[in-house]
Amino acid sequence: MDLGEGLRKAIARLTNATIIDAKTIKEFTKELQKTLLSSDVEVRLVLQFTGQIEEQALRVSPPPGVSPKDYITNMVYEGLVSLVGSSYTPEIKRQRILLMGLYGSGKTTTAAKLAKFYQDRGLSAALICCDVSRPAAYTQLETLAKAANVSFFGIKGESDPAKIVRQANERFKDKQVIICDTSGRNALDDELIRELENVNREFRPDRGVLVVSADVGQIAGRQATEFNKVTPISGVVVTKMDGSGKGGGALSASNAAKAPVLFIGTGEKLNNIEPFDSKKFIGGLLGIPDIGTLLEKVQEAVKEANLTDAEANVENLNFESFYAQLKAMGKMGPLKNVFGMLGATDIPKEVMEQGEEKLNRYKVIIASMTAEERQNDRLLHQSSRISRIAKGSGTTEKDVHQMVTEFNKMKKTFDMLKNDRNFKKRFPKLM
């Protein structure tokens, strides 16, 4: 059970309780303790947090008009926000960022994600490969730089990272955001310390950033403290937040070590990184919808998928426009993230996987249609066309029939919403 699921179950038990008395509150805080401890949040922080919840719930009466359940739930929300630290607003300005981290933290991918993040916001970005210990690091960062459409510099086979930085400094004088990726190790040893000190002296970063994986839990705090002794750490990027149940441990530990979380990585794609927003993060754990972020993701996906205006603004849904929307949806990341923004966080994993598989199958089927069939779905009433499409897409006729049936249901719903004035007023951007 991950952190969010545990928290939601504990709150659900409280919500379903007939009476909110001292016994109910104590049982609730014990459930919170179990959930937080199993997610690797430090014992001291857990006891302090749940103690405050229990004391306040027993001592203070809810304000007029607020039920005890809602009052306690809000206390949990506010307490967790405080536990994981404040939100971060990136400065869109010229800066030099030095990335550090141990093996397996996702540091190299994070370097490319950050470069793309700033370049997408109007700043010219460049990447420097100073990882001289991992043979594949040069090729990996060069490939990622091309994918992110940012500049890259490294010297293949060079063992002196300081030399690489000196040459990069000359080459990238005109770049506004320069990100330096450094070597990693299994632990912060003397060799890595010397490398970081030399790179820091040559690179002169505006910001030293430690990259840690969410699954390290409370060790994140110790890593931040140790790296800070070598070169000043102004913040942390926590990666793999899409698949770890211990994300809360890494976040709370970083906050306790006075190393604020700057960004979180939410997937493998280059756009799966976002500035850390503690309220949004805790809201996601508790199943609170985040429609604002969903709309932003939709707009980013449409841009990345290179959809035309006609494809992005669908008036008449057909297989052509549906195919374009499927391509854009693929740019939004895993379905788990999309449903999470809608507040639907407890959909079973197997259902999500089946949904992903079905959407991919739909794309393959539509790709096997003719241009005429994509524009006119009535043509698919002919069995010969269904047979040809199934063979061309490597699927079965049953698969094609199923997709056509579900498409028709969706089209009916779409037409209904398109003509619903109240829906248009409430969600104009979605329309």
Point to revise | Scope segment 241-264; condition surrounded by fewer than 24 Cβ atoms within 10 Å (Cβ to Cβ) and closer than 18 Å to ALA115 by Cα; matching residues | key: LEU262, PHE263
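From the residues in segment 391-409 that are polar (S, T, N, Q) and not in a helix (DSSP H, G or I), which one is surrounded by the most Cβ atoms within 10 Å (Cβ to Cβ)? Steps first, please.
In the first step, residues of segment 391-409 are kept if they are polar (S, T, N, Q); the result is 393, 395-396, 402, 405, 408.
This time we only want the ones that are not in a helix (DSSP H, G or I), so: 395-396.
Details: THR395: 18, THR396: 11.
The selected residue is THR395.
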Revision key, fill the gap. If you go through ARG388, ARG378, the only one that is more than 38 Å from the chain's Cα centre (by Cα), in the same structural domain as ASN360 (by TED's automatic domain parsing), among the basic types (Lys, Arg) and more than 15 Å from PHE319 (Cα to Cα) is ARG388
Practice item. Could you tell me whether any residue of segment 348-361 is modelled with pLDDT of 85 or more and assigned to a helix (DSSP H, G or I)? Key: yes
Check your understanding: So which residues in segment 57-76 are assigned to a helix (DSSP H, G or I) and among the hydrophobic types (A, V, I, L, M, F, W, C)?
Key -> ALA57, LEU58, ILE72, MET75, VAL76
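Is it true that some residue in segment 7-16 is charged (D, E, K, R), outside any strand (DSSP E or B) and in contact with a Phe, Trp or Tyr (Cβ under 8 Å, 6 or more places away or on another chain)?
Looking only at segment 7-16, we keep the residues that are charged (D, E, K, R), and these are 8-9, 13.
Next cut, outside any strand (DSSP E or B) only: 8-9, 13.
Within this subset, residues satisfying the condition of being in contact with a Phe, Trp or Tyr (Cβ under 8 Å, 6 or more places away or on another chain) are 13.
For segment 7-16, residues charged (D, E, K, R), outside any strand (DSSP E or B) and in contact with a Phe, Trp or Tyr (Cβ under 8 Å, 6 or more places away or on another chain): present.
Out of the residues in segment 68-96 meeting the condition of being among the β-branched types (Val, Ile, Thr), in contact (Cβ under 8 Å) with a residue 60 or more places away in the chain and touching a helix residue (DSSP H, G or I) at 6+ places or on another chain (Cβ under 7 Å), tell me which one is farthest from PRO232 (Cα to Cα).
Looking only at segment 68-96, we keep the residues that are among the β-branched types (Val, Ile, Thr), and these are 72-73, 76, 81, 84, 89, 92.
Checking the rest, the ones that are also in contact (Cβ under 8 Å) with a residue 60 or more places away in the chain come to 73, 76, 81, 84, 89.
From what's left, touching a helix residue (DSSP H, G or I) at 6+ places or on another chain (Cβ under 7 Å): 73, 76, 81, 84.
On the way: THR73: 38, VAL76: 33, VAL81: 25, VAL84: 21 Å.
Among them, the one singled out is THR73.
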Review point. Checking SER105 against (1) crowded, with 20+ Cβ neighbours inside 10 Å; (2) assigned to a helix (DSSP H, G or I), which test does it fail?
Key: (2)
Review point. Does segment 175-191 include one or more residues that are of a type in the set (A, V, I, L, M, F, W, C) and surrounded by fewer than 15 Cβ atoms within 10 Å (Cβ to Cβ)?
Key: yes
Revision key, fill the gap. When segment 352-371 is checked residue by residue, the ones that are of a type in the set (A, V, I, L, M, F, W, C), over 13 Å from ALA324 (Cα atoms) and in contact with a Leu (Cβ under 7 Å, 6 or more places away or on another chain) are MET352
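Look at ILE179 and say whether it is in a helix (DSSP H, G or I) and at pLDDT 90 or above.
Working: in a helix (DSSP H, G or I): no; at pLDDT 90 or above: yes.
Against the criterion (in a helix (DSSP H, G or I) and at pLDDT 90 or above), ILE179 does not qualify.
Please work out which residue is farthest from TYR103 (Cα to Cα), limiting yourself to segment 141-151 and to residues that are buried (at least 18 other Cβ atoms within 10 Å of the Cβ) and not β-branched (Val, Ile, Thr). Explain how you work it out, then say what you get.
So in segment 141-151, the residues buried (at least 18 other Cβ atoms within 10 Å of the Cβ) come out as 141, 144-145, 148, 150-151.
With the extra rule that they be not β-branched (Val, Ile, Thr), the set shrinks to 141, 144-145, 148, 151.
Working: LEU141: 15, LEU144: 18, ALA145: 20, ALA148: 22, SER151: 24 Å.
The extreme case among them is SER151.
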Point to revise | Number of the exception - THR89 against (1) surrounded by 15 or more Cβ atoms within 10 Å (Cβ to Cβ); (2) within 21 Å of the chain's Cα centre (by Cα) | key: (1)
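Pick out the one residue from ALA126, ALA115 that is in the same structural domain as PRO161 (by TED's automatic domain parsing) and either touching a helix residue (DSSP H, G or I) at 6+ places or on another chain (Cβ under 6 Å) or hydroxyl-bearing (Ser, Thr, Tyr) (or both).
Numbers: ALA126 fails: either touching a helix residue (DSSP H, G or I) at 6+ places or on another chain (Cβ under 6 Å) or hydroxyl-bearing (Ser, Thr, Tyr) (or both).
Result: ALA115 is the single residue among ALA126, ALA115 that is in the same structural domain as PRO161 (by TED's automatic domain parsing) and either touching a helix residue (DSSP H, G or I) at 6+ places or on another chain (Cβ under 6 Å) or hydroxyl-bearing (Ser, Thr, Tyr) (or both).
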Practice item. May I ask you to list the residues in segment 359-385 that are surrounded by 13 or more Cβ atoms within 10 Å (Cβ to Cβ) and acidic (Asp, Glu)? Key: GLU373, ASP377
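The values are calculated or read from the model by the stated rules, or taken from the named source; none is laboratory data. Keep in mind that this is a model prediction, so the values were computed, not measured. Every residue, glycine as well, gets a Cβ built from its backbone with ideal geometry; the counts of neighbours run over all protein chains shown.
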